[in-house]
Amino acid sequence: MNWGSAADFWAMGGYGFYVWGSYGTVLAAAAIEIVLLRVRRRRAISEVIGSNLEMGKSTQTLGDR
Amino acid sequence: MSTLSVRARPGLFWFSSPQTFFPLAGRLTSWFFVIAAVLAALGLYVGFFVAPTDATQGESYRIIFIHVPAAWMSMFLYLIMALWAALGLILNTRVSSMMASAIAPTGALMTVLALITGSLWGRPTWGTYWVWDARLTSELVLLFLYLGFLALQAAIDDPRRADKAGAVLALVGVVNIPIIYFSVQWWNTLHQGSSVSLTRSPSMAATMLLGMLLMALAFWSYSIGAALHRVRSILLEREKRSEWARELRAAERLN
């Protein structure tokens, strides 16, 4: 075990800013990328739905004739 | 589902057809993210609670557990991106080119992370956030290659032409990868030589190495998961009018 206390752990031997800054950046980057991936997925699916509805409309008009 | 499996026949290009690749990529994505989370938890435990304090760098060295994996991934992903782009160019397989496009943003992100974590490590260790050292400069060039690839593809409307132009750029840029890798040997500038290499036994404590390898595997798994997630969106964007996309949509199998 490297750390005597929780405060010891967060201080990182005086390098807390650099160590936690690095880990925080990586965590934030992964979180942002995952959010962007989900947004892009949702938008892509809704575009398929859109073309699907157009299809449905056109077949319906054909059926009405 | 049954109509899909009946129509598609196994063969060399089985998974290069969008309708077989799409569901497979979906199943794999979740697994790679789960594996990444487990490996990262193990790696962080080893990195913070098992690996000892470094004799010369103190606790600041713990940044290497994410810096080195991010730097490795930035180079690996570029090579894999260029490989897929080349396959798409030579074999004219659409999904190969889409894989290249799906990898690029994650590769760029890894490059940014390598540069930021590197500067946060450099400040306490070298006394500066940035220096025009050969390793740092060639890594910055790598970021511009990724951004150039993304910008070029975004600027061309026809997807297949964008794929081809991107592939040429990606392949020309491959020359930068050995420059990054060997920069610490070719030029005697500030960045230290590697502690882990293919030809020598590692010059670091076994527990430090273990933490770094676990984190590297976690970064690998995350990157594969992210690329597979993104390639499915790219597939849908490009083939939103196709029969297979509408079938999967009707069966509610798009998520």
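The values are calculated or read from the model by the stated rules, or taken from the named source; none is laboratory data. Computed from a predicted model, the values in this text were never measured in an experiment. So basically every Cβ, Gly included, is an ideal-geometry build from the backbone, and we count neighbours across all protein chains shown. Surface accessibility is based on the protein's heavy atoms, side chains included, excluding ligands, DNA and RNA. Shrake-Rupley method; radii C 1.70, N 1.55, O 1.52, S 1.80 Å.
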**OP:** Could you give me the residue pairs with C-beta distances under 7 Å whose first residue belongs to segment A:27-48 and is more than 17 Å from residue B:224 (Cβ to Cβ) and facing chain B (nearest Cβ under 8 Å), whose second residue is outside any helix (DSSP H, G or I) and at pLDDT below 90 wherever it lies, and which are 6+ apart or on separate chains?
**Re:** A:45/B:254; A:47/B:240; A:48/B:240; A:48/B:254
**OP:** Name the single residue, out of those in segment A:1-16 being assigned to a helix (DSSP H, G or I) and in contact with a helix residue (DSSP H, G or I) (Cβ under 8 Å, 6 or more places away or on another chain), that is surrounded by the most Cβ atoms within 10 Å (Cβ to Cβ).
**Re:** A:12
Original post:
Among the residues of segment B:205-242 satisfying the criterion of being open to solvent by 50 Å² or more (accessible area, probe 1.4 Å) and assigned to a helix (DSSP H, G or I), which is nearest to the other protein chains (Cβ to nearest Cβ)?
Top reply: B:237
Original post:
Take the residues of segment B:243-255 that are part of a loop (DSSP other than H, G, I, E, B) and facing another protein chain (nearest Cβ under 9 Å): which is least open to solvent (accessible area, probe 1.4 Å)?
Top reply: B:254
**OP:** Taking only segment B:102-111 into account, find how many residues are farther than 18 Å from residue B:175 by Cα and either within 12 Å of chain A (Cβ to nearest Cβ) or without any contact (Cβ under 8 Å) to a residue 40 or more places away in the chain (or both).
**Re:** 5
Original post:
Which one of the conditions (1) surrounded by 21 or more Cβ atoms within 10 Å (Cβ to Cβ); (2) out of contact with any Pro (no Cβ under 7 Å at 6 or more places or on another chain); (3) more than 14 Å from chain A (Cβ to nearest Cβ) does residue B:95 fail to meet, given that it meets all the rest?
Top reply: (2)
Subject >> Number of positions in segment B:17-73 that are under 22 Å from residue B:102 (Cβ atoms) and within 8 Å of another protein chain (Cβ to nearest Cβ) >> reply: 1
Original post:
Looking only at segment B:131-182, which residues are aromatic (Phe, Trp, Tyr) and touching a helix residue (DSSP H, G or I) at 6+ places or on another chain (Cβ under 6 Å)?
Top reply: B:146, B:149
**OP:** Kindly indicate whether residue B:148 is free of Cβ contacts under 8 Å to residues at least 60 places away in the same chain, open to solvent by less than 30 Å² (accessible area, probe 1.4 Å) and under 30 Å from residue B:17 (Cα atoms).
**Re:** yes
